[in-house]
Amino acid sequence: YQRKYAYQEVSRTLCQPQTKAEVETQHFYVDVSTLSLNTSYQLRVTRVENFVLRTNERFSFNATAAQPQYFKYEFPEDVDSVIVKVTSAMAFPCSVISIQDILCPVYDLDNNVAFIGMYQTMTKKAAITVQKKDFPSHSFYVVVVVKTEDEACGGALPYYPVSKDASPDEPVDQHNRQKTLEVMVSPAITSEAYVRSVLFCLGIFLSFYILTLLIACWESCRTSATTTSCAPTRWGTSGGLWGRWRVLGVPCAWGWAAAGPRGGRGVHSTHAGLAPRSAFNNILSNLGYVLLGLLFLLIILQREINYNRALLRNDTHALECGIPKHFGLFYAMGTALMMEGLLSACYHVCPNYTNFQFDTSFMYMIAGLCMLKLYQKRHPDINASAYSAYACLALVIFFSVVGVVFGKGNTAFWIVFSVIHIVATLLLSTQLYYMGRWKLDSGILRRILHVLYTDCVRQCSGPMYVDRMVLLVMGNIINWSLAAYGLIVRPNDFASYLLAIGICNLLLYFAFYIIMKLRSGERIKLIPLLCIISTSVVWGFALFFFFQGLSTWQKTPAESREHNRDCILLDFFDDHDIWHFLSSIAMFGSFLVLLTLDDDLDCVQRDKIYVF
């Protein structure tokens, strides 16, 4: 900072050369220099007690910016990896913890501590995993340096006023920048713990494959024992029924698989052991998204095979009853769930503000695809094409990237985004209310004025589709409120803000769908009902662990480490890993709800099924 600092006491620990034995007499010189004109000083040489740290023993000490401390640790014969934990009751002054090889000189000053070895900035907590194989002497130094300023740890860079008569080069007196710390070195987890944790992770999600197989066998036996039939279809003309469809089982642009198998949000923990990543647990716990996404694809594939076989044998159920089956969106949802796990793992290799969009991109995709699937169930003839839908999703991801790069505190960006958000909400509301029977062209303003005059001025008439209007009014209130919140508050985490918009709209539409389904006299069968209840419970527990906040990239690494806690499952998985486990299960359950929600209509004539 191009500043000079005044210290009343300075001390350094002497480095012991490797060529010298501890019992051998050594001679050394001490040079003292000062910026003062005339200063007297005292020189005192003392033996450093407890210089060698012992395994699983805590040691407390003090350090200042002018009095760095370092200690030696020697690996026991039966230990291959240790974790060095340093704690302090006080957040400031900011300090640096460094692990260095046994070499001279030791880099124990603020301006050189980061030159070699591994280091972490620290407020209250720091932890570094060290492996024996990385140090030829099977020993290392733990170096603790108190920084001259707190800016690296998120603290303010203070302004030091200078008196009128003082020289610009006069040293700054920082008074007592002393910090009390405690260090402990303990063995890290073993390779057996890694194997046990990997097997545990695999076992949890492979059990879903077994459970799915058992349910499929039970469903098959129950279906074969029950014989039902549909009466011949009579195509009606009721505007609120399936009779408004133009053809039976209309072809849909979503019939092709988006990416399916048809053929045509510092680190959370410091585990390292025999693994190359410091947060391997946060990477491994994403396996659930991949395995459960693959399982969902297999379930969809089996359903499609059964449906195609029913069509080939001219089965009445498949031809004339129930909601026509379109599987393309389901394939896209399963693939998106797998990609969410992959990109979340990539994000957790090095979590930061820039690559957080990796973790959220497919969350946007999943929210959008689920809303499209809900709409497609009752409106397959006017659902968006794959090209327009993916273009909109690509636009959302584009805004996410722009928001991450330029949105932080940028008023102009938030104004533009809020306007686009509100306009898009109005256009989508019009599309949903009129079910596609409108056109955006040069005459749109004239038609709007005509509708307002005829329905509001000449005669006051209520909306033609009351239920739909209620949904759209609530949706507009929520989206306008979110737009106003973004414009006023301008949150730093734009990716999460954009995700919140998608989730709120999805939950609103899903609630509307359930309410309208029940109001139409339809029922929810046992399997989807169990899925809804169990998925809601799992989502509740998942969100509890999500909001534990073990780290944050919105602060400095040192401040983020203040939120770190010990692992709670198998001494390997932390709270955020539990969130990964539970949220992957909850997403899989949510997909099953969408898949089975309308199974009660499989024996209902299509002209008797309500559209809402």
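Here region 172-207 is the region considered, the condition is being over 30 Å from Pro68 (Cα atoms), of a type in the set (A, V, I, L, M, F, W, C) and surrounded by fewer than 18 Cβ atoms within 10 Å (Cβ to Cβ), and the residue that is modelled with the lowest pLDDT is Ala193.
Of the residues that sit in region 104-151 and are among the polar types (S, T, N, Q) and under 19 Å from Val183 (Cα atoms), which one is surrounded by the most Cβ atoms within 10 Å (Cβ to Cβ)? Quick ask: steps written out before the conclusion?
First, pick out the residues of region 104-151 that are among the polar types (S, T, N, Q): 111-112, 120-121, 123, 129, 131, 137, 139, 148.
Keeping just the survivors that are under 19 Å from Val183 (Cα atoms) gives 120-121, 123, 129, 131, 139.
On the way: Gln120: 20, Thr121: 21, Thr123: 25, Thr129: 19, Gln131: 14, Ser139: 14.
Within region 104-151, the match that is surrounded by the most Cβ atoms within 10 Å (Cβ to Cβ) is Thr123.
Counting residues in region 64-72 that are within 28 Å of Ser551 (Cα to Cα), of a type outside the set (S, T, N, Q), in contact with a Phe, Trp or Tyr (Cβ under 6 Å, 6 or more places away or on another chain) and in a strand (DSSP E or B) gives one or more.
Could you please give the count of residues in region 314-344 that are part of a helix (DSSP H, G or I) and open to solvent by 20 Å² or more (accessible area, probe 1.4 Å)? Before the answer, list the steps.
Our first condition is that a residue be part of a helix (DSSP H, G or I); within region 314-344, this holds for 316-320, 328-344.
This time we only want the ones that are open to solvent by 20 Å² or more (accessible area, probe 1.4 Å), so: 316-317, 319-320, 335, 338-339, 342-343.
Qualifying residue count for the region: 9.
Quick check: anything in region 99-121 within 33 Å of the chain's Cα centre (by Cα), assigned to a loop (DSSP other than H, G, I, E, B), modelled with pLDDT of 85 or more and charged (D, E, K, R)? Looking through region 99-121, none of the residues is within 33 Å of the chain's Cα centre (by Cα), assigned to a loop (DSSP other than H, G, I, E, B), modelled with pLDDT of 85 or more and charged (D, E, K, R). As an exercise: evaluate Cys531 against (1) among the hydrophobic types (A, V, I, L, M, F, W, C); (2) surrounded by fewer than 18 Cβ atoms within 10 Å (Cβ to Cβ); (3) in the same structural domain as Ile366 (by the TED database); (4) over 17 Å from the mean Cα position of the chain (by Cα) and give the number of the one condition it does not meet. Exception for Cys531: condition (2). Of all residue pairs spaced 6 or more apart or on separate chains, those with beta-carbon atoms under 6 Å, a first member in region 525-543 that is under 17 Å from Ser583 (Cβ atoms) and a second member that is part of a helix (DSSP H, G or I) and of a type in the set (Phe, Trp, Tyr) are Ala542/Trp579.
Of the residues examined, Leu526 is not one that is open to solvent by less than 60 Å² (accessible area, probe 1.4 Å) and at pLDDT below 90. Checked against the criteria, Val48 counts as outside any strand (DSSP E or B), open to solvent by less than 100 Å² (accessible area, probe 1.4 Å), within 21 Å of Glu182 (Cβ to Cβ) and not hydroxyl-bearing (Ser, Thr, Tyr). Listed by first and then second residue, the pairs linking a residue in region 297-313 that is surrounded by 12 or more Cβ atoms within 10 Å (Cβ to Cβ) to a residue that is part of a helix (DSSP H, G or I) and among the aromatic types (Phe, Trp, Tyr), with Cβ atoms under 8 Å apart and 6 or more places separating them unless they lie on different chains, are Leu297/Tyr331; Ile300/Phe330; Ile300/Tyr331.
The values are calculated or read from the model by the stated rules, or taken from the named source; none is laboratory data. What you see is a predicted model, and the numbers here were worked out from it, not measured in a lab. Methodologically, a virtual Cβ is constructed for each residue, glycine included, from the backbone with ideal geometry; neighbour enumeration extends over all protein chains shown. For accessibility, only protein heavy atoms count, side chains too; no ligands or nucleic acids. Shrake-Rupley method; radii C 1.70, N 1.55, O 1.52, S 1.80 Å.
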